[in-house]
1. Look through segment 24-43, keep the residues that are touching a Leu at 6+ places or on another chain (Cβ under 7 Å) and surrounded by 17 or more Cβ atoms within 10 Å (Cβ to Cβ), and return whichever of them is farthest from Leu116 (Cα to Cα).
2. Answer yes or no as to whether Phe108 is touching a His at 6+ places or on another chain (Cβ under 7 Å) and either hydrophobic (A, V, I, L, M, F, W, C) or touching a residue at least 12 places away in the same chain (Cβ under 8 Å) (or both).
3. Hey, any hits in segment 10-23 for a residue that's in contact with a helix residue (DSSP H, G or I) (Cβ under 6 Å, 6 or more places away or on another chain) and exposed (fewer than 11 other Cβ atoms within 10 Å of the Cβ)?
4. Go through (1) under 24 Å from Pro132 (Cα atoms); (2) touching a Phe, Trp or Tyr at 6+ places or on another chain (Cβ under 7 Å); (3) in contact (Cβ under 8 Å) with a residue 40 or more places away in the chain and name the single condition Val60 misses.
5. Looking at segment 87-137 only, could you name the residues that are exposed (fewer than 12 other Cβ atoms within 10 Å of the Cβ) and not in a helix (DSSP H, G or I)?
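Please treat every number below as a calculation from the coordinates, not as lab data. None of these values were measured; they are calculated from a predicted model. Positions of Cβ are generated from backbone atoms using ideal geometry, with glycine treated the same way; all protein chains shown enter the neighbour counts.
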Amino acid sequence: PFAGNLVDRIGRRATLMVLGSLLIVPAHLLLGLTYVRPVFPMIVLGAAFVLVPACIWPSVPLIVEERCVGTAFGLMTAIQNLGLATFPVVNGALRDATHGYTASQIMFASLGFCGLVFSILLLRADRRQGSPLERAK
């Protein structure tokens, strides 16, 4: 509720998605490639995993035609569920093949990087459309 309230008050949804995605990459790299205590990267991941969904889901009605909002939410949910079904299997296979977590963390950092690229593209597209995602309610 805190993150959702913050996003509603300040707007900046696309910018905050970029920030959240930017947090994911180094956090996973710290977990996979260093021996730092995991508490800091886990706190950073927690912040990112709160921030990004608090921006993504309320953005849908702002950029999708009203008659298509239900379909858009359904498509987002289907894609999310596909990831939830697929990536534990991929992660398990990586873990079994490498006998460690480094490859898994690199995979998650790579996915975070993809999220960063797409969130930057979203921010650019939003600016071309008058920045509806950046406005506060």
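1. The residue in question is Pro41.
2. Answer is yes for this residue.
3. No; the residues of segment 10-23 include none that is in contact with a helix residue (DSSP H, G or I) (Cβ under 6 Å, 6 or more places away or on another chain) and exposed (fewer than 11 other Cβ atoms within 10 Å of the Cβ).
4. Going through (1) under 24 Å from Pro132 (Cα atoms); (2) touching a Phe, Trp or Tyr at 6+ places or on another chain (Cβ under 7 Å); (3) in contact (Cβ under 8 Å) with a residue 40 or more places away in the chain one by one, Val60 breaks only (3).
5. His99, Gly100, Gln129, Gly130, Ala136, Lys137
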